[in-house]
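To keep things clear, I will list the structure first and then write my remarks on it.
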Amino acid sequence: MYTVKELFPTLQGEGAHAGRAAVFCRFAGCNLWSGREEDRASAICQFCDTDFVGSDGFGGGKFATANQLAEAIELSWKSTGAGPQQRYVVFTGGEPLLQLDKNLIDALHVKGFSVAIETNGTIKVPAGIDWVCVSPKAGSDLIVLQADELKLVVPQVNHESLEKQMARFEKMDYRNRFLQPMDGLNLKDNTELAASLCQKRPLWRLSVQTHKVIGIR
């Protein structure tokens, strides 16, 4: 059984694949916060702005089998072009690795999808995922030390010196490294901070949430 909060076609808004057509599948549940406001202050991750509780979002629901969910994802794919379509699905959450498994990965590969995840990096990644983006959270136990993409949201409460943190990640095997300004009332200041750090440490690039800029999901 898979519990999906929402499922929708869009463009990837962040990181290395920004602008790419995708289906987003947001699983319910997370291991760093319950999703309830009364638990936020005591959670490891306290800045999440995403509703991942339940299955009542657009396209959400409970799917009994991997094939059923893979079919729903296929139906959400909007391309009408002939030939190779570069089908792409991004699993997010909450924390997608609480639910994403080999059966679902295999079912999507049969349908021609490349499978991507956006994970907090605290759960082992199963084989077969085509693109892994790790977004570490301060205070969590990071175990995914190798991935296609690292997306560090800055600043975070309880982070050690940001440059010290960046230097630590530079020693790990991430093919692409991004700093993403934390959204909210301090977005302008956070963007200036991230841009300055990218200039000082050019192994990093700036990730902007383009989907929010252009007003899509």
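The values are calculated or read from the model by the stated rules, or taken from the named source; none is laboratory data. Everything quoted here is computed from the prediction, not taken from an experiment. Cβ: placed from backbone, ideal geometry, glycine included. Neighbour counts: every protein chain shown.
Observations, loosely collected:
- The one condition in (1) in contact (Cβ under 8 Å) with a residue 24 or more places away in the chain; (2) surrounded by fewer than 14 Cβ atoms within 10 Å (Cβ to Cβ); (3) more than 17 Å from the chain's Cα centre (by Cα) that Ile216 fails to fulfil: (3)
- Within the range 37-52, restricting attention to residues that are buried (at least 17 other Cβ atoms within 10 Å of the Cβ) and in contact (Cβ under 8 Å) with a residue 40 or more places away in the chain, the residue that is nearest to the chain's Cα centre (by Cα) is Phe52.
- Conditions (1) surrounded by 17 or more Cβ atoms within 10 Å (Cβ to Cβ); (2) touching a strand residue (DSSP E or B) at 6+ places or on another chain (Cβ under 8 Å); (3) in a loop (DSSP other than H, G, I, E, B); number of the one not met by Leu179: (3)
- Top-ranked residue of the range 22-36 - restricted to ones that are surrounded by fewer than 19 Cβ atoms within 10 Å (Cβ to Cβ) and within 15 Å of the chain's Cα centre (by Cα), ranked as nearest to Ser79 (Cα to Cα): Gly29
- Single residue of the range 143-187 satisfying the filter (modelled with pLDDT of 95 or more, touching a Lys or Arg at 6+ places or on another chain (Cβ under 6 Å) and hydrophobic (A, V, I, L, M, F, W, C)) that is farthest from Lys200 (Cα to Cα): Leu150
- Matching strands (runs of 3 or more DSSP E) fully within the range 1-118 where at least 2 residues are in contact with a Ser or Thr (Cβ under 9 Å, 6 or more places away or on another chain), modelled with pLDDT of 90 or more and among the hydrophobic types (A, V, I, L, M, F, W, C): 2-11, 21-27, 88-92
- Residues (within 18 Å of Gly121 (Cβ to Cβ), without any contact (Cβ under 8 Å) to a residue 40 or more places away in the chain and within 20 Å of the chain's Cα centre (by Cα)) located in the range 171-198: Met172, Asp173, Arg175, Arg177, Leu179
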